[in-house]
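What follows is calculated from the coordinates using simple rules that are stated; it is not laboratory data. If you're wondering where the values come from, they're calculated on a predicted model, not measured in any experiment. All Cβ positions, glycine included, derive from the backbone under ideal geometry; neighbour counts span all protein chains shown.
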Ligand SMILES: [Zn+2]
């Protein structure tokens, strides 16, 4: 076996190890981002719940109280924006694109969404 062959094998092993390390870093990163999305979604649920409770309170008492729907809806907008940002980062790491209609991840070169049938530009 010549040195050249051994060097080539070594290089191949190094490249594979590097790409495996990169892959696992990406998986960890994607998992973190998914946890952040789940947290944001649960925050959204809480806001919706508090809006619902305020509506019921208003129905019961006939008074609006000091509840600010504007503030709650603003918080919803903010949370949805965060979710969109997080999903965009996930798509970047997974090398996918997000269907604008159903928000599912699709192959970057997909022409149609395989979930909702949306046609991509
Ligand atoms: Zn879709």
### Query
If each of residue 36 and residue 80 carries a label point 7 Å out from its Cα toward its Cβ, how far apart are those two points in nm?
2.0 nm
### Highest to lowest packing among 23-30, 35-42, 61-68, scored as the average C-beta count within 10 Å
35-42, 23-30, 61-68
### Task
Can you grab the distance from the C-alpha centre of segment 12-84 to the C-alpha centre of segment 98-121, Å, no decimals?
23 Å
## Note on the structure
Stretched fully, the stretch from residue 50 through residue 109 gains (0.36 nm per residue minus C-alpha distance, one decimal, in nm) 17.1 nm
### Query
What translational diffusion coefficient, in µm²/s and rounded to a whole number, does the Stokes-Einstein relation yield for the chain at 37 °C and a viscosity of 0.692 mPa s, taking the hydrodynamic radius as the Kirkwood radius over Cα pairs?
178 µm²/s
### Task
Let me have the 222 nm mean residue ellipticity of the chain computed from DSSP H runs of 4+ only, each contributing -39500 (n - 2.57), with the sum over all residues rounded to the nearest 500.
-26000 deg cm²/dmol
### Summary
The helix 3-61 Cα axis meets the longest alpha-carbon principal axis of the chain at an angle in degrees, between 0 and 90 and rounded to 10, of 0 degrees
### Query
To one decimal place, what orientation-averaged projected area in nm² is obtained for the convex hull of the Cα set of segment 9-52?
2.5 nm²
